[in-house]
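Participant: Structure incoming, see below.
The values are calculated or read from the model by the stated rules, or taken from the named source; none is laboratory data. Note that the coordinates shown come from a computational prediction; the quantities given were computed from them, not determined experimentally. Cβ: placed from backbone, ideal geometry, glycine included. Neighbour counts: every protein chain shown. Accessible surface areas use protein heavy atoms only, side chains included; no ligands, DNA or RNA. Shrake-Rupley method; radii C 1.70, N 1.55, O 1.52, S 1.80 Å.
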Amino acid sequence: MTSWLDDFDTRLAELDAAGLRRRRRVVQPAAPAEASSTRLIVDGEELLAFCSNDYLGLAGHPALVDALCAGAREAGVGSGASPLVSGHSVANAELERELAAFTGLPRALYFYAGYGTNIGIVPALVGAGDALHSDALNHACLIDGARLARASIHRYPHADLAALDAALAAKPARRQLVISDAVFSMDGDVADLRALLALCERHDALLLIDDAHGFGVLGPQGRGALAAAGLTGAAASRRVLYMATLGKALGVAGAFVAGDETLIEWLLQKTRSYIFATAAPAPLAQALRASLRLAEAEDWRRERLRSLIARLKNGLAGLPWSLTESPTPIQPLVIGGNREALAVMEALRERGLWVPAIRPPTVPEGSARLRITLSAVHRDEDVDRLAEALHTIARSPALRGRGLPA
């Protein structure tokens, strides 16, 4: 007698055949603290990595390590309960105040994870009978939050503001929510936040922005994409909720959402992933407070990123694969086919470089890519080494039998 459970072997084989099975790697830093995101031991092999979202190179900074250890000695390593029971520590409360001040918004709410933030706050804002408008290239956590909301979902073409305007003008519901990444994680392009807000103002909609990949990198002192657009402080709109993660440019873990005092209070009262989850431990909040100070003070890290981005773009000119138009540390090199992308990834690994291939469903069919990410602690010679390797791979006849086009 067969069981439907036997189908999983077949389904896994189908993933293999399509070049879509993912492989988890065991990773540890191979270099001194501040360069820990660029030199990694991957499954026992030391590699130069271009795949971390540690954009400012803060994840291994001694100041963060010291703050984390001091926080653990003072408060222990666990929070013990959800934030509304007894898990909201002094450190967490201070971090929320500092995040609000840093972003130039009235109030912030600190979460344990970015995914947990978005799948909770979207259903807290809209529900059955409401309308939700989502950019076609939004991150999975926004997509899943939209599905959980049970609102009517209108998916507009990527960055197509005319299509969004028409959908909002149709007034499918009294309550309308627009959700969009600020920096799109697989392409690196930046949403037009001023134009999005103008549409929301015109149509009485609420705007939720996910700035996971812009916070710490964009705007004055790294205050994020919303600050870069001039929409914080006195120019802040009660119509905007600003979400960002703390495990990328800030180098630790967690996330937050900031905005109008009343909206944040509503989210505190109604977000299930906040109410029913154990709070983030105080030592993490202390490390984040240290990271926030460094991100604000050390503009050289963002200047360094800009220099590396320009160097990479120049170095990759002339390749048979296209580099997207991204002004951010996310520099995707679109290869096309799944097996072709895997072949380039493996050829780089053989040369001591780690740039994982990104394939569907994370990106659209036919657009598998190497998602190259830069960190402020990459060296010029690191970028040159990657560019030279890619040019060598592109010219190599021996690789054409492994999936690369002739």
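Participant: Can you tell me which residue in region 359-372 is modelled with the lowest pLDDT, limited to those that are more than 11 Å from residue 187 (Cα to Cα) and surrounded by 21 or more Cβ atoms within 10 Å (Cβ to Cβ)?
Facilitator: So, considering only residues that are more than 11 Å from residue 187 (Cα to Cα) and surrounded by 21 or more Cβ atoms within 10 Å (Cβ to Cβ), the one modelled with the lowest pLDDT is 359.
Participant: Still on this structure, I have one more. With respect to the numbered conditions (1) open to solvent by 40 Å² or more (accessible area, probe 1.4 Å); (2) at pLDDT below 95; (3) within 23 Å of residue 317 (Cβ to Cβ); (4) not hydroxyl-bearing (Ser, Thr, Tyr), which one is the sole condition not fulfilled by residue 399?
Facilitator: Failing condition for residue 399: (1).
Participant: Here are some conditions: (1) charged (D, E, K, R); (2) surrounded by 19 or more Cβ atoms within 10 Å (Cβ to Cβ); (3) closer than 30 Å to residue 293 by Cβ. Residue 187 meets all but one. Which one does it not meet?
Facilitator: (3)
Participant: Please give the number of the condition residue 54 fails out of (1) assigned to a loop (DSSP other than H, G, I, E, B); (2) farther than 26 Å from residue 250 by Cβ; (3) under 26 Å from the mean Cα position of the chain (by Cα).
Facilitator: So the condition that residue 54 fails would be (2).
This table checks each residue for (1) open to solvent by less than 20 Å² (accessible area, probe 1.4 Å); (2) touching a Ser or Thr at 6+ places or on another chain (Cβ under 6 Å); (3) not in a helix (DSSP H, G or I); (4) not aliphatic (A, V, I, L, M).
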| residue | (1), (2), (3), (4) |
| --- | --- |
| 59 | no, yes, yes, no |
| 64 | yes, yes, no, no |
| 71 | yes, no, no, yes |
| 99 | yes, no, no, no |
| 115 | no, no, no, yes |
| 120 | yes, yes, no, yes |
| 132 | yes, no, yes, no |
| 137 | no, no, yes, no |
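Participant: So which of 311, 359, 293 ends up being over 17 Å from residue 57 (Cα atoms) and more than 20 Å from the chain's Cα centre (by Cα)?
Facilitator: 311
Participant: Any residue at all in region 253-272 that's in a helix (DSSP H, G or I) and either modelled with pLDDT under 95 or open to solvent by less than 10 Å² (accessible area, probe 1.4 Å) (or both)?
Facilitator: Checking region 253-272: at least one residue is in a helix (DSSP H, G or I) and either modelled with pLDDT under 95 or open to solvent by less than 10 Å² (accessible area, probe 1.4 Å) (or both).
Participant: Another question, then. May I ask you to verify whether residue 146 is of a type in the set (A, V, I, L, M, F, W, C) and surrounded by 23 or more Cβ atoms within 10 Å (Cβ to Cβ)? Walk me through how you get there before you give the answer.
Facilitator: Details: of a type in the set (A, V, I, L, M, F, W, C): yes; surrounded by 23 or more Cβ atoms within 10 Å (Cβ to Cβ): yes.
Here the answer is yes, as residue 146 does meet what is asked.
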